[in-house]
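Right, one structure below, let's go through it.
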Amino acid sequence: MKQCKRCSKWVDDTCWNLQRGLCLECAPDLEAEYSATQTEAAVQQARVAAQEATYVTKEKFEKTVVGGCPNCGASVAPGAKFCGECGQPIKREKLCTECGTKIEGTPKFCPECGAKM
């Protein structure tokens with residue numbers, strides 16, 4: 001144990017700056033401080049770069065985005081075609097009950113025959 005001449009604290013060897021003859025609180029290890037400052041600057045730059053990056057594009061929303069199984073609500077893996085819990089298709093096709101045309105979106109009437117949906 002050593003006593004710091006500046007603050008009078010008693011510290012062990014891990015908290016002692018041997019070159020300065022003071023505790024690390026009174027005389028920080030400059031190389032360690034430089035390293036910590038570089039790391040803090042790198043983290044700050046990474047945060048700025050992350051905020052400036054584009055993570056989502058409109059192309060992401062051109063396909064139906066499914067948050068869970070439409071049948072049982074279980075979580076589904078990205079790109080899965082069938083639910084791992086209940087086995088049902090993840091994206092169900094909507095067909096007109098009158099003419100059988102595949103329906104996109106949520107129209108009130110069939111775009112092919114005009115039947116009410």
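The values are calculated or read from the model by the stated rules, or taken from the named source; none is laboratory data. This one's a predicted model, so the numbers in the text were calculated from it and none came from an experiment. Using ideal geometry, Cβ is built from the backbone for each residue, glycine included, and neighbour counts are taken over all protein chains shown.
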Original post:
Which of the residues that make up the range 19-45 are surrounded by 10 or more Cβ atoms within 10 Å (Cβ to Cβ) and part of a loop (DSSP other than H, G, I, E, B)?
Top reply: R20, G21, L24, E25, C26, A27, P28, D29
**OP:** Only residues in the range 24-51 that are closer than 25 Å to D13 by Cβ and touching a residue at least 12 places away in the same chain (Cβ under 8 Å) count as the first member; pair them with residues that are assigned to a helix (DSSP H, G or I) and small (G, A, S), Cβ under 9 angstrom, at least 6 apart or cross-chain, and list the lot.
**Re:** L24/A32
Original post:
Of the residues that make up the range 99-107, is at least one surrounded by 10 or more Cβ atoms within 10 Å (Cβ to Cβ), assigned to a loop (DSSP other than H, G, I, E, B), of a type in the set (S, T, N, Q) and modelled with pLDDT of 85 or more?
Top reply: yes
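The rows are residues; the columns are (1) farther than 30 Å from E104 by Cα; (2) among the hydrophobic types (A, V, I, L, M, F, W, C); (3) touching a helix residue (DSSP H, G or I) at 6+ places or on another chain (Cβ under 6 Å).
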residue	(1), (2), (3)
L18	yes, yes, no
A27	yes, yes, no
A41	yes, yes, no
Q44	yes, no, no
Q51	yes, no, no
E62	no, no, no
G68	no, no, no
